[in-house]
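The values are calculated or read from the model by the stated rules, or taken from the named source; none is laboratory data. A quick note: this is a predicted structure, and the numbers were derived from the prediction, not measured. We place every Cβ from the backbone using ideal geometry, glycine too, and count neighbours over all the protein chains shown.
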Amino acid sequence: MSITIENLSYSYVQHSGEKIAALKGVSCSIEVGDFVGIMGPTGCGKTTLLQLLAGLLSPTSGHIYLHGDDINAKGYDRNSLRQTIGVLFQYPEYQLFATTVEKDVAFGLKHSGLCRDEINANVKWALETMGFEFEKIRHQSPLALSGGEKRRVAIAGVLATKPKILMFDEPIAGLDPYGRQSFLHFITQMNQSGTTVIMVSHNIEALCEYTRHLLVLEQGKLIDSGATRDVFGRRKQMASGAFGQTEAQKIVTMLSEGALALSPAIVTYDDLLSALKQELTRGGMG
Amino acid sequence: MLDPSGRQEVIKIMHKLHKAGKTIIAITHYVEEAVTADKIILMHQGRVLSCGKPQAILSNLELMEAAELMVPMPVRLYYDLQQAGVHLNRCPLTDEELVEEICQLRSKT
C-alpha cells in the first residue's frame, strides 16, 4: 500500500478573513513498509499534512492517492480509509473519555463490522502489545492512570483497529527518556512486522536514529526529502542553520573550528564515536 | 510542545530572569537543560536520590540510571572513549566542554 502525494496545497481562512496557506504544492511518495519522519519548525505544516493524509481535511488543491485511488474522489470508501490508517495526534491522553480502559480501546472498532469476540481479541492484543496485563487494566478508569499509562492506552486504541499505516504526531513529546526509548523500539517492531509508519517529530535524534526516509517542511513547502542519512548530510550545508542538525553533527562542526576535521558524513552518535576513537587512539594519531 | 528553537528561547528567558536576581526552580527530564543549573535535585518515584552540583550528578552513570534518565551525550562519549583507551582530562557536560577537552588532548600529543 503506497501513498502518492501530488501537488498538495491547503489553505485556511482566519477569523480576520485572511487566507493562510498551510501547505504549498507538496509532492512526494511513501512506499509500503517504510518508516518515514516528517520534520520542520513549528507552523511549517507537519500536522496539516498528517490531517490531510488521514482524510480529516480536504485539500484546497492537489491529490492524495492511496494504492492508486484518490482518497478525496467522490465515491471513495472512507470507511476503508479509516481501517487502513491509524492516527495518533499530539497528547492523545487528553482524548481518553470512556469509563473503562477496555471500552476506550474498543471504541474505534464499534463500526468495524467485527463480531464481539473479534473485538475483544483485538482489544486484548492491543493492550498487551502496549505492555499492560489485560485482566488488571481492563476495568480501570483511563482517567486514573499515570501520564505514561494514559498515552499507552491511547496508542492501544489506535492499534486495536490493526491499521496498515500508522501515523504519529509528536508521539514522544513529554515522555521521559525511558518512555521515549521504549515507544521508539515498539514502533520499530511494528514497522519491521510490515506496518508503514509516518512520524512527525521535533526530536532530531529520534528521527535520525529510527526513520529510513525523511520529509522536511518549511513554511508549508517540502524543501527536502530522501533517505534519512542523505537528508541530514544535506541539512548541514543548508543556510537555514542549526535546525535539523543532530548533536553529533554540531560537535563535528565545532571540532572543525578547533582544527580537528572529521568526516562530514558523520550523522549519528555511533558515527562520531568511531571517528573519534580512530582519531584519538594511537593508530589515528600516527 | 516546543520545537528546539522554542525551547532555547524559554531557556534564555529563564537565564535572563536568573541574572536579574530571581530564584529559578525548573522541572525537566531533558538533562541538557539541567547542565547550567547551580544545583540539581534528582528525584525518582517520590524520593530524592541525590542533590548537588551538575558535574557530580550528571556524570554519575549509576545515579542517572537509577533515576531512569539518560546522561548528556558528551558524558556518554567520555565513558565510551575511556573504554576504548582514550582518556579525556575531565568529564564534559556540554558540547563546548567536550570540544575543548578533545582539542586539549590533541595538543598534548
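Among the conditions (1) within 10 Å of chain A (Cβ to nearest Cβ); (2) out of contact with any Gly (no Cβ under 9 Å at 6 or more places or on another chain); (3) part of a helix (DSSP H, G or I); (4) hydrophobic (A, V, I, L, M, F, W, C), the only one that B:LEU69 does not satisfy is (3). Quick check on segment B:36-55: of everything there that is away from chain A (no Cβ under 13 Å) and in contact with an Asp or Glu (Cβ under 9 Å, 6 or more places away or on another chain), which residue is surrounded by the most Cβ atoms within 10 Å (Cβ to Cβ)? My answer is B:PRO54. Of all residues being in contact with a helix residue (DSSP H, G or I) (Cβ under 6 Å, 6 or more places away or on another chain) and not charged (D, E, K, R) in segment A:79-107, which is surrounded by the most Cβ atoms within 10 Å (Cβ to Cβ)? Just the residue, please. Ranking the qualifying residues of segment A:79-107, first place goes to A:VAL105.
Of the strands (runs of 3 or more DSSP E) lying entirely inside segment A:1-79, the ones with 3 or more residues being farther than 26 Å from A:THR211 by Cα and assigned by TED's automatic domain parsing to the domain that holds A:ASP169 are found at A:3-13, A:19-30.
This table checks each residue for (1) at pLDDT 90 or above; (2) assigned to a helix (DSSP H, G or I); (3) within 12 Å of another protein chain (Cβ to nearest Cβ); (4) farther than 23 Å from B:VAL99 by Cα.
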residue	(1), (2), (3), (4)
A:LEU214	yes, no, no, yes
A:SER225	yes, no, no, yes
A:SER240	no, no, yes, yes
A:LEU255	yes, yes, yes, no
A:ALA259	no, no, yes, no
A:ASP270	yes, yes, yes, no
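Count of segment A:131-174 residues, restricted to those that are away from chain B (no Cβ under 14 Å), aliphatic (A, V, I, L, M) and either crowded, with 21+ Cβ neighbours inside 10 Å or under 15 Å from A:GLN90 (Cβ atoms) (or both), is 11.
Note on segment B:78-99: residues that are outside any loop (DSSP other than H, G, I, E, B) and facing chain A (nearest Cβ under 9 Å) total 6. Checking each residue in segment B:18-34 for being exposed (fewer than 12 other Cβ atoms within 10 Å of the Cβ) and either at the interface with chain A (Cβ under 9 Å from one of its Cβ atoms) or part of a helix (DSSP H, G or I) (or both) picks out only B:LYS19.
How many residues are among the small types (Gly, Ala, Ser), part of a loop (DSSP other than H, G, I, E, B) and more than 30 Å from A:SER201 (Cβ to Cβ) when one looks only at segment A:80-128? Break it down stepwise before answering.
Taking segment A:80-128 as the starting set, the residues that turn out to be among the small types (Gly, Ala, Ser) are A:80, A:86, A:98, A:106, A:108, A:112-113, A:121, A:126.
Of the ones still in play, those that are also part of a loop (DSSP other than H, G, I, E, B) are A:98, A:112-113.
Add one more test, that the residue is more than 30 Å from A:SER201 (Cβ to Cβ), and what stays is A:113.
Qualifying residue count, segment A:80-128: 1.
Does any residue of segment A:93-109 turn out to be within 14 Å of another protein chain (Cβ to nearest Cβ) and out of contact with any Asp or Glu (no Cβ under 8 Å at 6 or more places or on another chain)? So far as segment A:93-109 goes, yes, one or more of its residues are within 14 Å of another protein chain (Cβ to nearest Cβ) and out of contact with any Asp or Glu (no Cβ under 8 Å at 6 or more places or on another chain). For segment B:71-86, state whether one or more residues are farther than 18 Å from A:LEU272 by Cα and either surrounded by fewer than 13 Cβ atoms within 10 Å (Cβ to Cβ) or not aliphatic (A, V, I, L, M) (or both). For segment B:71-86, residues farther than 18 Å from A:LEU272 by Cα and either surrounded by fewer than 13 Cβ atoms within 10 Å (Cβ to Cβ) or not aliphatic (A, V, I, L, M) (or both): absent. Inspect all residues belonging to segment A:116-123 and state whether any of them is touching a residue at least 12 places away in the same chain (Cβ under 8 Å), closer than 30 Å to A:SER146 by Cβ, in contact with a strand residue (DSSP E or B) (Cβ under 8 Å, 6 or more places away or on another chain) and assigned by TED's automatic domain parsing to the domain that holds A:ILE137. No, segment A:116-123 has no match at all.
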